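A short write-up of the structure that comes next.
Every number in this text was worked out from the coordinates using simple rules, so none of it is lab data. Note that the coordinates shown come from a computational prediction; the quantities given were computed from them, not determined experimentally.
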Amino acid sequence: MKKILLCVSLLAVFAAGFAGCSQRREWNREERKAMRDALRSYRQMIYLDDLTDSEFVLFSDGVVGELENAYPVYTTFIQMPGVNDTVDMFVVTTIVEELDADAHNMRHIFPYDYLVGQGVLPAGLDRSQQKAFYTCLAGKVNATYSTMEQFFNAVLADTTDLSQLRRLEGQCADELFDWTVTEIDVIESVPAR
């Protein structure tokens, strides 16, 4: 009986020693802050540059939380090869998850000032008018594209004024503000000499 108790106590000491020597399994406050600071360099991305400061804090907290869940030992994570690619992947994945086609997120993809500059919307719309436009646009996007992948492919391929997305924007502008988007073909001619 004494041998069994001695073996159990020795095993307990070894287990405590291993637990004390192992790396901790969560990030501390300074490590989280360092990662949030590193995420500030992503602020210029198309979706992130339109977020308010408080929205960006929530976004970066979400990315840091996902990174911490996937890589609980900070020192191992920071030292692994390709750490920047991993952070890039988590940032893009978080953006894609947040960009469901709803009115709140449409304003980040198609900022109001950009749409005014492109002649899609009139200048001087108040927040409620802008919200009505983005709600209309989100509804048309959801009706047109059956998957998020189709929508993102359309956004990435949207390089002309004659695109499907531009037509959807024009339809919403016309329905809400009786604002007609006119597409004009510009043909340059070189005078004959």
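Some points to look at:
- Taking all pairs of distinct alpha-carbon atoms in the stretch 103-177, Kirkwood radius in angstrom: 12.5 Å
- The stretch between Thr76 and Gln171, if pulled fully straight at 0.36 nm per residue, gains 29.0 nm over its current Cα-Cα span.
- Extension reserve of the Val83-Ala154 stretch, reckoned as 0.36 nm per residue once the Cα distance is removed: 22.5 nm
- Relative pair counts by distance (%), Cα atoms of the stretch 24-116, 10 Å bins: 15, 47, 26, 10, 2, 0
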